[in-house]
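One structure is given below, encoded as structure tokens.
Please treat every number below as a calculation from the coordinates, not as lab data. Values in this document were obtained by computation on a predicted structure and should not be read as measured data. Cβ coordinates were reconstructed from backbone atoms using ideal geometry, including for glycine residues, and neighbour counts include every protein chain displayed.
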Amino acid sequence: MKKETETLTFFDFPIEHFADRSTRWLLEDRENVRGLLEIVAEHLTTHLDFSKLVHINRSFIPDNLREQESDIVYKVPFRSESKTDELLIYILIEHQSTVDTTMGFRVLFYMTQIWDFQRREWESDNVPRNQWRFRPIIPIVLYTGEQKWQAPLSLSALMDLPDALSEFVPKFGTLFLTVKDTDAIDLTKTDHPFGWLLTVLQKEHASKEEIRTALVEAVTHIDTLDEEETQQWKRAIFYLYLLILHRRPTEEHEELRTLVHQQIQETSRKEEGEKMAQTMAEYLIEQGEKQGEKRGERRGTTRAKREDILKLLRLRFDSVPESVASRITSIRSLSRLDTLFDRVATAKTLDDIDWEN
């Protein structure tokens with residue numbers, strides 16, 4: 001279960017932006033990219049060869065925005081009579097709590113960044129300009145935040161635009177999915193596992209009864225995946241375990257994991273689910289031990305620093321009043337102890353030492 005352990009490490013328990021990182025992790029699977037397209041643009045899926053989907057390992061988001069969004073870029077063959085043989089799918093995962101009214105501008109900015117990346121590659125490879133063909137881009141904004149999104153995704157919405165000038169403003173389509181506000185029927189209309197997982201994400205902060213219902217429905221459908229789709233099944237079930245771990249109260253964890261396990265029908269899959277849960281439990285124990293070791297190390301360092309200060313006081317001033325010793329042993333801040341050590345080293349008398357700051 002090395003892969004599952006690596007996944008847990010990626011999610012860096014405890015995690016702050018589960019919806020963002022978990023959705024990105026799901027979309028590293030080409031089948032889930034298909035599932036997303038089936039939700040937002042089902043008519044396009046017949047033209048895309050998902051078996052040849054290629055991940056472009058590059059982000060186009062500036063460093064100062066990485067805390068509120070992440071992106072994924074894929075190259076995929078396009079089945080058509082036209083000359084276009086490949087296109088790009090650009091998925092922008094937006095997870096900030098507030099709606100960004102400038103999203104239309106940002107999407108266009110990222111698209112031009114992608115095309116500029118192509119241009120620089122052609123220049124680097126000495127491709128003749130008459131052979132340059134920019135790939136079409138399908139931009140998808142996937143919003144996982146809680147606030148209702150009502151801001152339009154067009155540039156013209158950001159301008160006080162007279163009709164006579166509208167032709168000079170760039171126009172482009174953007175596929176948009178707001179996870180929390182989309183009806184579950186629309187998420188699951190093609191019965192794809194990705195849509196069912198999103199129905200559980202919708203309930204991440206709901207009552208226990210609501211998330212129990214969502215888990216039962218999702219696992220019941222996901223468990224119908226064929227044997228050749230085992231890897232997709234494993235990723236989906238592991239995602240649900242992760243969601244329970246990172247989004248539900250600790251007292252619910254065992255009950256909800258058991259609920260997931262009960263919906264799995266085949267014996268071999270039940271065993272696989274048990275292994276996943278065991279891997280997660282072992283990881284949490286290990287993390288707890290590491291955190292305990294770190295706390296122990298900090299306590300040991302603090303204790304040693306107190307003893308150093310007391311030794312220095314005795315060396316410089318012979319005896320240390322009980323009130324001073326008690327004050328030192330009550331200090332827990334290592335930085336404050338460091339400052340106090342320096343003051344003791346330079347003071348001429350005990351009265352010269354500032355004990356308060």
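To test your reading of the geometry: what angle, between 0 and 90 degrees and rounded to tens, separates the Cα axis of helix 30-40 from the longest principal axis of the chain?
In the chain, helix 30-40 runs at an angle near 70 degrees to the longest axis.
Going by average Cβ density within 10 Å per residue, which order do the peptides 210-217, 221-228, 167-174 take, highest to lowest?
Those peptides, ordered most packed to least, come out 210-217, 221-228, 167-174.
Based on the Cβ-Cβ distance from GLU266 to ALA151, what FRET efficiency comes out when R0 is 51 Å, to the nearest 0.05?
0.65
From the phi angles alone, apply the Karplus equation (6.51, -1.76, 1.60; θ = phi - 60°) to region 328-335 and give each ³J(HN,Hα) in whole Hz, x where the residue is Gly or Pro.
5, 5, 8, 7, 9, 6, 5, 5
So who's got an amide H within less than 5 Å of the one on VAL141, skipping anything under 5 residues away but keeping other chains? H placed 1.01 Å off N, in plane.
Residues meeting the criterion, in which the H sits 1.01 Å from N, are LEU92, LEU175, PHE176, LEU177.
Let me check against my output: what whole-number percent is the relative contact order of region 304-352, with C-alpha pairs under 8 Å and at least 6 apart?
48
Output wanted: per-residue J couplings in Hz (rounded whole) for region 181-190, from phi through Karplus 6.51 cos²θ - 1.76 cosθ + 1.60, θ = phi - 60°, x for Gly and Pro.
Values per residue, Gly and Pro as x: 9, 7, 4, 4, 4, 6, 5, 10, 4, 9 Hz.
What percent do you get for the relative contact order of the chain when only Cα pairs under 8 Å and 6+ apart count?
Averaging sequence separation for qualifying contacts and normalising by length gives 14 percent for the chain.
Can you find, among LEU177, ILE222, LEU337, the residue farthest towards the positive end of the dipole of the chain? Put +1 on the C-beta of Lys and Arg, -1 on that of Asp and Glu.
Of the candidates, LEU337 comes out farthest on the positive side.
Once R0 is set to 45 Å, what does the formula 1/(1 + (r/R0)^6) return for the Cβ-Cβ distance between LEU165 and ILE331, expressed as a FRET efficiency to the nearest 0.05?
The formula returns an efficiency of 0.10 here.
Can you give the FRET efficiency to the nearest 0.05 for GLU254 and THR230, using r as the Cβ-Cβ distance and R₀ = 30 Å? Walk me through the numbers before you get to the answer.
Values: r = 26 Å, r/R0 = 0.85.
With R0 = 30 Å, the Cβ-Cβ based efficiency is 0.70.
Which one is right for this structure if semi-axes √(5λ) of the Cα gyration tensor in Å is calculated from it: (i) 33, 25, 19; (ii) 80, 19, 15; (iii) 51, 31, 20?
The value matching this structure is (iii).
So, by mean Cβ neighbours within 10 angstrom, what's the order for 341-349, 86-94, 237-245, 98-106 with the highest one leading? Before the final figure, lay out the partial values.
Working: 341-349: 12.1, 86-94: 21.1, 237-245: 23.0, 98-106: 16.3.
Most protected by this proxy first, the peptides run 237-245, 86-94, 98-106, 341-349.
Which residue, chosen from LEU88, SER51, SER319, occupies the Cα position most advanced towards the positive end of the dipole of the chain, where the dipole is computed from +1 (Lys, Arg) and -1 (Asp, Glu) charges on Cβ about the Cα centre?
The Cα lying farthest towards the positive end belongs to SER319.
How big is the charge dipole of the chain about its Cα centre, in debye rounded to the nearest 20, if each Lys and Arg gets +1 on its Cβ and each Asp and Glu gets -1 on its Cβ?
My answer is approximately 1180 debye.
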